[in-house]
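Below is one structure, written out as structure tokens; the observations come after it.
The values are calculated or read from the model by the stated rules, or taken from the named source; none is laboratory data. Because the structure is predicted, anything quoted here is derived from the model rather than measured. When we count neighbours, we look across all protein chains shown, and the Cβ atoms used for this are built from the backbone with ideal geometry, even at glycine. For the accessible areas, the whole protein counts, side chains as well, though only heavy atoms, and no ligand, DNA or RNA atoms are used. Shrake-Rupley method; radii C 1.70, N 1.55, O 1.52, S 1.80 Å.
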Amino acid sequence: MSQSIEILSKLVSFDTVSRNSNLDLVDWVVAYLADLGVECQTFKSPCGTKANMLATIGPDVPGGVVLSGHTDVVPVDDQIWATDPFELTQKGTRLYGRGSCDMKGFDAICLAKVPEMLKANLKTPIHLAFSYDEEVGLLGAIELAPRLAEILPDVKAILVGEPTEMKVVEQHKGFMYLKAVFEGIEAHSSMPYLGVSSNVAATKFMSALVAMDEEFAASKDNNSPFLPPHSTINIAVISGGTAGNIIPNKSVVDVSIRVMPEEDVNAIVGRITAEMDSIRSWMQDQDPACNAILDLDADTYGLRKEPDGQAATLCRRYSGDNSDNVVSYGTDGGVFQKAGFSVAICGPGSIDQAHKPDEFIEISQIEA
Ligand SMILES: [Zn+2]
């Protein structure tokens, strides 16, 4: 078994679904690197149950590159797997396991290459930066990026090894998550004049979002490499109401928006906020005790094409890929770019396999 497969097998065995701690995995990586004489810095999450990790291989001089991976994986709940998702299983030319592709495969390759890096007499350092909670809002990278900017201000490029089948990706959409809560007044459904339906308020809100989504689609840029070539709104989870004869008093709508990297996010936020304001007024005109509350984070961390694209140039030199690629999913890369780094995405495995049951990576991708 190759060293990368052996390490991948170890990494997959840690159940680092984002809701769990990643500390056992980080401890294992720290010990593995310590055996090779490489020291790590770990940075605990605010809650203390998770950690980001940074290791430097090569000379202690400014510059160099960062290889960035995340340690968390998406859940396997309600998925039917043919094998144990937390035990790397080889079948034919594939290795199955949660995270094999997204993105412990890349993490394993980086770690397996450390002995070679140590022997290579590097002129500038290679830094390994592994984050937590990428899959749940890039939380680890949001903590890590300012630290990297402080510790490694002269780094030339950050390469994020998300699964792109080794294509060089210079742009991706950003991601915004919002929750809208509508507090109405409960009443018997035979006396609607005594209540204010939170479900009606939520429906007005969702109608506005659907109209906005259709507007995004209608104003698409046909020259854009993105598929679809516009921002998109997903009404993800709706809850509200208790019984057929009750005017409901609480409704919650969870929404996710994938934002084109060049889109004016503040304009979108402004429109959604205005919509909520108008619905709140409509509710409070009927009863001042009503409310409509919006919880929204305007940072979307899309990845924009860089004019001089240092990271992309470097990736192209190594991968040989010269095509212009974009992806519609988000990565830690947008966070690092916002912190001032040059960033490109390039890694083994295909996003088609990520997040699904029976996630796999081709052995050829991991041993290449
Ligand atoms: Zn990923």
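The criterion of at least 3 residues that are away from the ligand (no atom under 14 Å from the Cβ) and loosely packed, with under 15 Cβ neighbours inside 10 Å is met by none of the helices (runs of 4 or more DSSP H) falling completely within segment 305-368. For Glu165, state whether it is within 15 Å of the ligand (Cβ to nearest atom), open to solvent by 40 Å² or more (accessible area, probe 1.4 Å) and more than 14 Å from the chain's Cα centre (by Cα). Yes: the conditions hold for Glu165. Once segment 67-95 is narrowed to residues that are over 24 Å from Met1 (Cβ atoms) and more than 16 Å from the ligand (Cβ to nearest atom), the residue that is most open to solvent (accessible area, probe 1.4 Å) is Asp78.
Quick check: is even one residue across segment 248-262 assigned by TED's automatic domain parsing to the domain that holds Val181, in contact (Cβ under 8 Å) with a residue 24 or more places away in the chain, within 30 Å of Arg304 (Cβ to Cβ) and open to solvent by 40 Å² or more (accessible area, probe 1.4 Å)?
Within segment 248-262, one or more residues are assigned by TED's automatic domain parsing to the domain that holds Val181, in contact (Cβ under 8 Å) with a residue 24 or more places away in the chain, within 30 Å of Arg304 (Cβ to Cβ) and open to solvent by 40 Å² or more (accessible area, probe 1.4 Å).
The residue of segment 168-210 that is nearest to Asn266 (Cα to Cα), among those that are of a type in the set (Lys, Arg) and surrounded by fewer than 20 Cβ atoms within 10 Å (Cβ to Cβ), is Lys179.
Take Thr16 and tell me if it is assigned by TED's automatic domain parsing to the domain that holds Glu134 and either over 30 Å from Lys123 (Cβ atoms) or touching a Pro at 6+ places or on another chain (Cβ under 8 Å) (or both).
Considered against the rule, which asks whether it is assigned by TED's automatic domain parsing to the domain that holds Glu134 and either over 30 Å from Lys123 (Cβ atoms) or touching a Pro at 6+ places or on another chain (Cβ under 8 Å) (or both), Thr16 comes out as yes.
Within segment 148-158, the set of residues being open to solvent by 10 Å² or more (accessible area, probe 1.4 Å) and farther than 19 Å from Gln41 by Cα comprises just one member, Lys156.
Annotation note: of Ser18, Ser45, the sole residue that is small (Gly, Ala, Ser), within 16 Å of the ligand (Cβ to nearest atom), within 30 Å of Ser342 (Cβ to Cβ) and touching a residue at least 24 places away in the same chain (Cβ under 8 Å) is Ser18. Answer yes if at least one residue in segment 140-147 is hydrophobic (A, V, I, L, M, F, W, C) and either surrounded by fewer than 17 Cβ atoms within 10 Å (Cβ to Cβ) or in the same structural domain as Ile279 (by TED's automatic domain parsing) (or both), and no otherwise. The answer is no; no qualifying residue exists.
Scanning segment 275-286 turns up at least one residue that is of a type in the set (Lys, Arg), touching a residue at least 12 places away in the same chain (Cβ under 8 Å) and surrounded by 15 or more Cβ atoms within 10 Å (Cβ to Cβ). For the condition in the same structural domain as Ser219 (by TED's automatic domain parsing) and touching a residue at least 24 places away in the same chain (Cβ under 8 Å), Ala292 qualifies.
The residues of segment 315-368 that are farther than 29 Å from Pro153 by Cβ and of a type in the set (Lys, Arg) amount to a single one, Lys356.
Open to solvent by 20 Å² or more (accessible area, probe 1.4 Å), farther than 28 Å from Asp35 by Cβ, within 16 Å of the ligand (Cβ to nearest atom) and not charged (D, E, K, R) - does that describe any residue in segment 98-121? Checked against the condition, which is being open to solvent by 20 Å² or more (accessible area, probe 1.4 Å), farther than 28 Å from Asp35 by Cβ, within 16 Å of the ligand (Cβ to nearest atom) and not charged (D, E, K, R), segment 98-121 yields no hits at all. Scanning segment 15-63 for residues that are in contact with a helix residue (DSSP H, G or I) (Cβ under 8 Å, 6 or more places away or on another chain), in a loop (DSSP other than H, G, I, E, B), open to solvent by less than 30 Å² (accessible area, probe 1.4 Å) and under 22 Å from Pro146 (Cα atoms) turns up Ser45, Lys50.
Scanning segment 175-197 for residues that are in a strand (DSSP E or B), aromatic (Phe, Trp, Tyr) and more than 30 Å from Ser328 (Cα to Cα) gives a single hit, Phe182.
Applying the set (1) open to solvent by less than 70 Å² (accessible area, probe 1.4 Å); (2) of a type outside the set (A, V, I, L, M); (3) outside the structural domain of Lys356 (by TED's automatic domain parsing) to Ser219 leaves exactly one unmet item: (1). Could you say whether any residue in segment 334-355 is under 23 Å from the mean Cα position of the chain (by Cα), over 20 Å from Lys167 (Cβ atoms) and of a type in the set (D, E, K, R)? So far as segment 334-355 goes, yes, one or more of its residues are under 23 Å from the mean Cα position of the chain (by Cα), over 20 Å from Lys167 (Cβ atoms) and of a type in the set (D, E, K, R).
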